[in-house]
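Chemist: One structure follows; several queries about it will come next.
The values are calculated or read from the model by the stated rules, or taken from the named source; none is laboratory data. A quick note: this is a predicted structure, and the numbers were derived from the prediction, not measured. Cβ placement follows ideal geometry from the backbone for every residue including glycine, while neighbour counts extend to all protein chains displayed.
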Amino acid sequence: MGFLYLIQILYNMKKTLPIVVLLLSFFSHAQFTVTGKIDNYINQNLTIRIFKGPSDLLINKVLTDANGSFTVKVPEKYSGIVRVQTLSDGAILDFLSDNENVDFTAQYKDHQFSEIKYFKGKTAMGFLEYQSFENFNDLKLNVFPMIKTVYSEKDEFYQAVLKEEKRIEKLSPATELSLLKYYVQANDLANAQVDAKPAAEVHTNKILSKLINDNNYLEGSGLMYKLVLDYLRYSIMGATTQEEINSKIETTIDDLLVKTDLETPRGQNVLSSVFLVLPAEQFGTLLEKYYSKANALTCEITDELKTSLTAHNNMVVGNKVPDLKFKQPVKGFKSLYDVKAEKKIVIFWASWCPACNDEMPFVKEYYRNFKAEGGEIISISLDFDKAAFDEATKDFEWINYTELMRWDTSGVKEFGITSTPTLFLLDKDNKLIKKATHISELVQF
């Protein structure tokens, strides 16, 4: 009887196995929904972002309706900061979600969000309470002491400030939720003030422990960049020369990459942070060492590190730059490679960029002879407003392209764009001749 019973169980499992596999697949790719209603922000674009490393990751662009409402799905299991950002001016509303649906309302006024209320999402609700507490605590610690110096202790307003201080002291935001509790601790560490070398050593040890031991809550917190920045910054405390700084930075990074293991996602996220933290102008030679290390990896690498490597490798003089596929043809051209010319200049710019507006008249003057000699200019605009783009480009005779997506425009990551204007001179085979910030730097080529 026992044997036959076992056979029956196995038979039933065989029949239900596809369903089990389907359910497991569903839960492993679980998603949640963000629903919002933003007063005074109707029929306008929002971007939705999450963090899986030191930089935020665009997951969707959504248009609010006539009531300012929108709904968007986060297409994977995720615990961390979700960033809702206006495309027009970059105003940010951050909240925490531990893979749970979120429903909120907010006001949009004077380029910022206010009067935020959550109706779904326990972690988001707790995060809002925590943010409110932090704002009050900042008043208590940094504003009230200055105010009290202006008034006498007998003044009614002085006594009112004392009363408010006592009220704030009694506030205690709920941090029993696991993700919120983690974020509060990590945020406190990321914003700690350190002004002496002994304290710096204690602080860097705390950061190191977090970078080595914490789970994916760290990546989702949006605090990794700041923690790695502080780790490097405090590691050089006491250094007095550039040579000493470079030496300490290199030793610190080498040790950090060993301890976080460069062959793991955590180690690669740390390295991606290093690439963002260190300015190439000051640490170019050192950065080349770590790009070489990353290029030598044979394991699977994170998307963010892959993007950094691609941008770096493509921007080496003599290498072929990546093709830019236009979502809509411009003057009949569907991509950068589609444009045939003896030389090309690719310009990343925006009409909202003052430095770009200063540069474009010189580009316009340069274009006449450049075009006559068989050259062509392809400008990639980081604009967000169609009317502003059209007005700015109405007298530009070259190829003007925009996706109205600001820094999420195609090519920004692939070309490693961190500021505008940035110019690239290419030969007829789309190989890089020179990178520049002013058209005058390209005259000799």
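Chemist: Restrict the check to segment 163-176 and report whether at least one residue is on the phi > 0 side of the Ramachandran plot, crowded, with 16+ Cβ neighbours inside 10 Å and part of a loop (DSSP other than H, G, I, E, B).
Modeler: No.
Chemist: Within segment 299-318, count every residue that is within 23 Å of Lys428 (Cβ to Cβ) and modelled with pLDDT of 95 or more.
Modeler: Qualifying residue count, segment 299-318: 2.
Chemist: Here's another thing I want to ask about it. Out of (1) touching a helix residue (DSSP H, G or I) at 6+ places or on another chain (Cβ under 8 Å); (2) in a loop (DSSP other than H, G, I, E, B); (3) modelled with pLDDT of 95 or more, the odd one out for Glu359 is which?
Modeler: Every condition holds for Glu359 apart from (2).
Chemist: Under 6 Å between Cβ atoms, at least 6 apart or on separate chains: pull out the pairs that start in segment 115-126 with a residue that is in contact (Cβ under 8 Å) with a residue 12 or more places away in the chain and end on any residue that is among the β-branched types (Val, Ile, Thr) and buried (at least 20 other Cβ atoms within 10 Å of the Cβ).
Modeler: Lys120/Val102; Gly121/Val102; Ala124/Val102
Chemist: A further question follows. Does Lys181 qualify as being exposed (fewer than 11 other Cβ atoms within 10 Å of the Cβ), of a type in the set (Lys, Arg) and out of contact with any Leu (no Cβ under 7 Å at 6 or more places or on another chain)?
Modeler: Answer is no for this residue.
Chemist: Moving on. Could you tell me whether segment 222-238 includes any residue that is in contact with a strand residue (DSSP E or B) (Cβ under 6 Å, 6 or more places away or on another chain), of a type outside the set (A, V, I, L, M) and within 24 Å of Leu287 (Cα to Cα)? Working first, answer last.
Modeler: Filtering segment 222-238 down to residues in contact with a strand residue (DSSP E or B) (Cβ under 6 Å, 6 or more places away or on another chain) leaves 222.
Of the ones still in play, those that are also of a type outside the set (A, V, I, L, M) are 222.
Cutting the leftovers down to within 24 Å of Leu287 (Cα to Cα) gives us 222.
Yes, some residue in segment 222-238 is in contact with a strand residue (DSSP E or B) (Cβ under 6 Å, 6 or more places away or on another chain), of a type outside the set (A, V, I, L, M) and within 24 Å of Leu287 (Cα to Cα).
Chemist: For segment 212-260, what are the residues that are under 18 Å from Pro279 (Cα atoms), assigned to a helix (DSSP H, G or I), without any contact (Cβ under 8 Å) to a residue 60 or more places away in the chain and of a type in the set (A, V, I, L, M)?
Modeler: Leu227, Leu229, Leu232, Ile245, Ile249, Ile253
Chemist: Ok, one more. Which one of the conditions (1) more than 30 Å from Gly416 (Cβ to Cβ); (2) charged (D, E, K, R); (3) in contact with a Lys or Arg (Cβ under 9 Å, 6 or more places away or on another chain) does Lys206 fail to meet, given that it meets all the rest?
Modeler: Evaluating Lys206 over (1) more than 30 Å from Gly416 (Cβ to Cβ); (2) charged (D, E, K, R); (3) in contact with a Lys or Arg (Cβ under 9 Å, 6 or more places away or on another chain) leaves (3) as the failure.
Chemist: Here's another thing I want to ask about it. Report the residue count in segment 227-247 for those that are surrounded by fewer than 20 Cβ atoms within 10 Å (Cβ to Cβ) and closer than 25 Å to Leu93 by Cα.
Modeler: Of the residues in segment 227-247, 1 are surrounded by fewer than 20 Cβ atoms within 10 Å (Cβ to Cβ) and closer than 25 Å to Leu93 by Cα.
Chemist: Could you check segment 307-322 and list, in sequence order, the residues that are loosely packed, with under 15 Cβ neighbours inside 10 Å and over 18 Å from Gly284 (Cα atoms)?
Modeler: Gly318, Asn319, Lys320
Chemist: Filter segment 136-155 down to residues that are assigned to a helix (DSSP H, G or I) and either surrounded by 11 or more Cβ atoms within 10 Å (Cβ to Cβ) or assigned by TED's automatic domain parsing to the domain that holds Ile92 (or both), then give me how many there are.
Modeler: 11
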